[in-house]
Amino acid sequence: MSNQLLRQLPAVSQVLLEPSIVALIAIHGHEVVADAVRATLDFQRELILNGDAFDADQLTQNVAIRIQQQESSKLRTVINATGVLLHTNLGRAPLAEVAARAAAEAATGYFNLELDLATGKRSQRQHAVREWLCRLLGSESATAVNNCAAATVLVLRALAMGREVIVSRGQLVEIGGSFRIPDIMATSGAILREVGTTNITRIEDYERAITANTAMILRVHQSNYRVRGFTSSPPSEEIHALSRKRQVLFVDDIGSGALIDYARFGLPGEPLAADSIRAGADLVLFSGDKLLGGPQAGIIAGRKDLIETIERDPLMRAFRLDKMTLAALEATLRLYLRPEKALTEIPVLRQLNLSMDELRQRANQIVEAVRATIPAEARDDVTFVGGGSLPDQAYPTVVVALSPNEGADALARALRIGNPPVLSRVQGGQVLLDLRSIFAEQVELLINAVRQAACGLARQS
Ligand SMILES: *Cc1c(COP(=O)(O)O)cnc(C)c1O
């Protein structure tokens, strides 16, 4: 039986003469198409050996699908229906329109990146963001590099190479993707001096550890985890007072870099960069693409003399921002000069600000539109902000729960490889589409994607 079917499979040369395949050759060239035909025939042969039927009409279509998948861009815009607003695998913070436009303008044109227009002389690229950062944070100076990991390495290298840096044992964190404080310390050439315990570190612990070779006290925000129960660590003001008295630096790596207080969303506990400066940190470090809602960047703000030392380090050049990122960062920072603008224009803030009623309305619209194709219902749920921020604080949301006959994993996969790709949450045998991270203008696209994925699955089974 299968032998007979195998004999029906056409030769590669024969398939290449089919009109639809000839058309593909005109677009993609002979080699790409011939490879795709060969791979498709190999796959078909395997299917037959596994007892499947052979459909000659389907063959040329499968070649076209294979080429389309292989030749299309690897990076694609996806719909984030996971509910996680700062999803590191999905590029963290989406940019505000004005920031994206600024980046595009910088990209396609010339740009006074390192040129002072008034004097015609060369200037520093960080000037574009320094002034805005100082105004927003109340700091003496500021600079920006590639990301917060780079900022940490740079600060340790420029200010503590060969000297001791005191860190609480409760803050020897791994942020993810091999960013571990002890490793970063080793890479930068600073010497880690651990103090205290996992749950308790007292100001006396810091004080006893200070020697003539101590360069700084580094505090690292517990971004992506929490220690609960019997815990304590000294407030910034106490660390500041100690660092003054013993003449060591106090550097505060707050990680997430909120420029407005997330307590307004019912999400307390994220340190504000401005608070850290006010409490006396010599330098504060944070990311541009977490709670700030801008492009990937690492911001260093604080004392002018220290920023100057840091900017003289040779690694500054290796970690510098490109013109598109700088333009996007400047535009994002300027939105914060009028916080009500930041709240409506920065996607992360805008999405957090959406009311449950608004989300329920959108969810019902989706349910109505897909119900004929797949069992669906809207319900209230909770989600997390993500991106190593606010790890234990559930945020209210609304989900569309889909119950496919073919199983949740199969539908989640079909959604992922659809057009546009949709990333969902699989939970309790259902596929959840979380409205908190779906943009208003994506709802129609999402409805189409769900229908297509569900129909595709039903056809296969
Ligand atoms: C996220 C984070 C970092 C790393 O920031 P990137 O911008 O991702 O390099 C460093 N420190 C803390 C405390 C963080 O939360």
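The values are calculated or read from the model by the stated rules, or taken from the named source; none is laboratory data. What you see is a predicted model, and the numbers here were worked out from it, not measured in a lab. All Cβ positions, glycine included, derive from the backbone under ideal geometry; neighbour counts span all protein chains shown.
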Task: Some residue of segment 325-340 being at pLDDT below 95 and part of a helix (DSSP H, G or I) - done: yes
Task: Residues of segment 246-288 that turn out to be charged (D, E, K, R) and over 23 Å from residue 382 (Cα atoms), as a count - done: 6
Task: Of all residues making up segment 347-359, the number that are in contact with a helix residue (DSSP H, G or I) (Cβ under 9 Å, 6 or more places away or on another chain) and free of Cβ contacts under 8 Å to residues at least 60 places away in the same chain - done: 2
TODO: Quickly run through segment 194-203 and pick out the residues that are in contact with a helix residue (DSSP H, G or I) (Cβ under 7 Å, 6 or more places away or on another chain) and either under 17 Å from residue 151 (Cβ atoms) or part of a loop (DSSP other than H, G, I, E, B) (or both).
DONE: 196, 197, 198, 199, 201
TODO: Filter segment 161-195 down to residues that are crowded, with 17+ Cβ neighbours inside 10 Å and within 16 Å of the ligand (Cβ to nearest atom), then give me how many there are.
DONE: 13
TODO: Scan the helices (runs of 4 or more DSSP H) fully inside segment 240-319 and keep the ones with 2 or more residues being among the hydroxyl-bearing types (Ser, Thr, Tyr), within 16 Å of the ligand (Cβ to nearest atom) and without any contact (Cβ under 8 Å) to a residue 60 or more places away in the chain.
DONE: none
TODO: Can you tell me which residue within segment 45-86, out of those that are of a type in the set (Gly, Ala, Ser) and surrounded by fewer than 19 Cβ atoms within 10 Å (Cβ to Cβ), is farthest from residue 418 (Cα to Cα)?
DONE: 51
TODO: Of all residues in segment 71-93, count the ones that are within 16 Å of the ligand (Cβ to nearest atom) and either part of a loop (DSSP other than H, G, I, E, B) or not hydrophobic (A, V, I, L, M, F, W, C) (or both).
DONE: 8
- [ ] Could you tell me whether residue 344 is without any contact (Cβ under 8 Å) to a residue 60 or more places away in the chain, under 19 Å from residue 96 (Cβ atoms) and of a type in the set (Val, Ile, Thr)?
- [x] yes
- [ ] Would you check if residue 191 is touching a helix residue (DSSP H, G or I) at 6+ places or on another chain (Cβ under 6 Å) and of a type in the set (Val, Ile, Thr)?
- [x] no
TODO: Keeping to segment 220-231, report how many residues are surrounded by 12 or more Cβ atoms within 10 Å (Cβ to Cβ), touching a strand residue (DSSP E or B) at 6+ places or on another chain (Cβ under 8 Å) and free of Cβ contacts under 8 Å to residues at least 60 places away in the same chain.
DONE: 2
TODO: Could you grab me the full set of residues in segment 400-451 that are of a type in the set (Ser, Thr, Tyr) and in contact with a helix residue (DSSP H, G or I) (Cβ under 6 Å, 6 or more places away or on another chain)?
DONE: 424
TODO: Taking the options 143, 214, 152, 198, name whichever one is over 21 Å from residue 311 (Cβ atoms) and either within 16 Å of the ligand (Cβ to nearest atom) or over 31 Å from the mean Cα position of the chain (by Cα) (or both).
DONE: 214
Open item on the list: Looking only at residues that are surrounded by fewer than 17 Cβ atoms within 10 Å (Cβ to Cβ) and within 27 Å of residue 108 (Cβ to Cβ) in segment 324-343, which one is farthest from the chain's Cα centre (by Cα)?
Closed with: 337
Open item on the list: Condition first: away from the ligand (no atom under 15 Å from the Cβ) and under 18 Å from residue 203 (Cα atoms). Now tell me which residues in segment 218-232 satisfy that.
Closed with: 230, 231, 232
Task: Answer residue from segment 111-135, given it is in contact with a strand residue (DSSP E or B) (Cβ under 8 Å, 6 or more places away or on another chain) and within 18 Å of residue 277 (Cβ to Cβ) and is modelled with the lowest pLDDT among those - done: 126
Task: Exclusive hit being within 24 Å of residue 65 (Cα to Cα) and more than 23 Å from the chain's Cα centre (by Cα), set 406, 377, 368 - done: 406
Open item on the list: Which residue is nearest to the ligand (Cβ to nearest atom), if the candidates are limited to segment 374-395 and must be assigned to a loop (DSSP other than H, G, I, E, B) and modelled with pLDDT of 95 or more?
Closed with: 374
